[in-house]
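The values are calculated or read from the model by the stated rules, or taken from the named source; none is laboratory data. Computed from a predicted structure; not experimentally measured. Methodologically, a virtual Cβ is constructed for each residue, glycine included, from the backbone with ideal geometry; neighbour enumeration extends over all protein chains shown. Heads up: the accessible areas ignore ligands, DNA and RNA and are worked out on the full protein's heavy atoms, side chains in. Shrake-Rupley method; radii C 1.70, N 1.55, O 1.52, S 1.80 Å.
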Amino acid sequence: MHELYLINPAENAPGYFGLEVLGAWTGVNATAIADLATPTVAAFAPDNWKVTICEERLDPVDFSHPARYVGITGKVTQQARMIELAAEFRHRGKIVLIGGSYASLSPDALREHCDILVIGEIEEIAGELFEDLALGRYKSTYQGGKPALVDSPVPRWDLYPLERTWSAQVQTSRGCPFDCEFCDVIQYLGRKQRWKEPDQITAELDILRDRGVRGVFFADDNLTVMRRRTRALLERLLDWNTRPPDERLAFATQVSIDISRDHDILALMRNSGFETLFVGIETPNEQSLAEAGKRQNLRHDMIAQVETIVQHGMMVYGGIIVGFDQDGVDIFERQFDFIQSMPLPLISPGVLVAPETTPLYARMLKEGRLTEGADHSASLVSTNIIPATMSREQLRSGMTWLLNRLFAPIHFMTRLERYVALSGERKDFQRQALFAGPTALLARELVKRGPAEYALVRAFDRASVDRPDLVVSLTTIFSLYCQARHMLEVQDLWQPDLAGFERPSL
Ligand code: SF4
C-alpha cells in the first residue's frame, strides 16, 4: 500500500472568510469553508493508496506521519506556511509535492521548496502522477491543462473533517469569460468556462447532505455568467433542494453584478436555496472600473443593483478595492459613502494588488511600479504596486481609516438595519436561534469591547426577533463581523478613534 499525506496549510494571517475568530475568542475548533483541493486530489488516488488529509486550520500537522509522500496545496495567502511545512518534511526525508493555485500561478516561487511541483489542474495528469509515485520514478514537474470537468470524480469528503466546517464546497464550473485586469483566476483557469454535468453536481450534493452538511459554497469563479447553462443548473437544484427546512441546504457563490438585471434567474437562485452572493462591486469610481476592465459594473446604478438582489431575499457580500490609478485621495470617503448607502453589511475591502501573471502585473512591471520582496498577502493595507496618485503612506493611512470606519459598530449597524429592512422573505431554512452555540460565545466576547459593540449585539438580537426568517443570514453576518474585527486586531489596524473622523487625515 502506498501512502500520501495531504495538507491544506494554515493561512499567513486571518482573512475575511476564515473563522479564526472562533478559535481565538472562544476556543471552538471550526472553520467557515471546507478546503476543496485536498479531497479532490484524494479522489484521484488509486485503490492501493492510503490518503490522509490534514486541514491545518483544524488539526495540527503530524510531522511523524509515516507516508513517504507529502502533498501540500495552497493559495498565495498560505505561501509562508507552505514553504515552512515543505522544508520540515524534506528535512525528515519525505518526498514533498506542492500544487494548487499558488504553485500554478507562481511556480518559480515554489520550485526550490519541493521535490515535485504540480502546476495547473490535476484531472489530466493524476493518472501519470500516481503511477510514477508508485514506481518511485517521478518527474520534478507535472503540468496540467484545462480539462473538461465531466469526468471529475466526487471529492473524498469521507477523509475531511466536515463536521467542523460550516460550509462544504462544490465546484460546478471553472473559468470566467470576463477579463478584469487584476484577476489571476482567469490566468489559471482560463476565460472559456468548463462545466460539470448536473448529475455530477447532485451526486456531490447527495453525499454532502447525507454527511449532515447544511451549507454549500459553490466555488465557481462566476456561477451565473453563462445564462442558459445557469438556468438549467438552477432548475436542477430547485428540484433537488426540496427537503423540509431543517434539511435544506443554504447555498452561496460568486457572481458578477449584472445578474441583478435577470429577475427570473434571481428568483430561481433564491428558490433553489441561494442565500449569499459574493459580488465584486469594487468601487464607485467609474474611471477605475474602466481602467480595470470591469465592464460588467459600468454604466449601471450599482446601489440599485445590490438592492434588487437583496429584495429577492439574498444577501450580497461585496468585494471592495481601493488604489486604482484613477483613485485620488478622496477615494476613501467616496468608498465609505458608497458602501454605507447600500444594504451591504458584509464587505471585504482590500488594496489593489498585482498578482503575478496578470495583465496588471505586466503593466506595473513595464511602468517600473512594482515593489519586490515583501509578502503583501498578510496585510490589508499593503500592496506590491507603487500608487499613481498618492504616496504609499497615504494609501496605507486612508485604508486604515476606511476599515475602521466601515467596521465601527455604529456604521456596521446602519448597513445591517438597511439590509434587514429591505431583504425579501426567507422561510426555507431553519436553524437554531442567532445567539446559540458558538455565536453566543462570540457575542459574549464582542460585548466586552465596549458599549458600541454591546449596542451592535442588541441590534442583531432585535433583527433576529423581527426577522426570524433571516436567522441563517444574520448568523453569517454576525460571525463574519467578529472575524473582521479579529483580523483588524491581529494586524494592529484596529484604531476605533479613527472611525470618529469624517475623513482620513492624509
Ligand atoms: S468577473 Fe471575477 S472571475 Fe471574472 S475576470 Fe473579473 S474578477 Fe476574475
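The lysines within cross-link reach of Lys192, meaning a Cα-to-Cα straight distance under 30 Å and a gap of 8 or more places when in the same chain, are Lys75, Lys139, Lys146, Lys294, Lys366.
Quantify how much of the Cα-Cα distance distribution of the range 1-89 extends past 20 Å, in percent. I get 37 percent for the Cα pairs in the range 1-89 exceeding 20 Å.
Relative to one another, the C-alpha centroids of the range 331-373 and the range 176-252 are positioned 27 Å apart. One equal scatterer on each Cα of the range 144-203, no solvent, Debye formula: the resulting log10 I(q)/I(0) at q = 0.14, 0.30 Å⁻¹ is -0.53, -1.19. With R₀ set to 60 Å, the beta-carbon distance separating Asn29 from Gln394 gives a calculated FRET efficiency near 0.90. Whole-Hz Karplus values for the range 127-134 come out as x, 5, 4, 5, 5, 5, 4, 4 Hz, taken residue by residue from phi with 6.51 cos²θ - 1.76 cosθ + 1.60 and θ = phi - 60°; glycine and proline positions read x. Per residue, the accessible area of the chain comes to 39 Å², computed with a 1.4 Å probe over protein heavy atoms only. Only helices enter the 222 nm calculation for the chain: every DSSP H run of n ≥ 4 contributes -39,500 (n - 2.57), and dividing by all residues gives -11500 deg cm²/dmol, rounded to 500.
Using a simple spin-label model with pseudo-atoms 7 Å out from Cα toward Cβ, Asp47 and Glu445 lie 4.6 nm apart. At a 1.4 Å probe radius, carbon and sulfur cover how many percent of the accessible area of the range 277-343? Carbon-and-sulfur percentage of accessible area, whole number: 47.
Per the Debye formula on identical point scatterers at the alpha carbon atoms of the range 171-420, with no solvent, log10 I(q)/I(0) at q = 0.10, 0.15 Å⁻¹ is -0.53, -1.12. Taking Cα atoms of the chain, Rg/Rh with Kirkwood Rh, to two decimals? When Rh is taken as the Kirkwood radius, the ratio is 0.95.
So, counting K/R as plus one and D/E as minus one, what does the shell of residues with Cβ under 13 Å around Met364 add up to? Once positives and negatives cancel, what remains is -3. Each label was represented as a point 7 Å from its Cα along the Cα-to-Cβ direction; for Tyr454 and Asp59 these points are 4.3 nm apart.
Remark: accessible surface ordering of Thr253, Thr40 (largest first) is Thr40, Thr253, probe radius 1.4 Å. Derived from the Cα gyration tensor, the three semi-axes of the equivalent ellipsoid of the range 318-393 are 24, 14, 11 Å, largest first.
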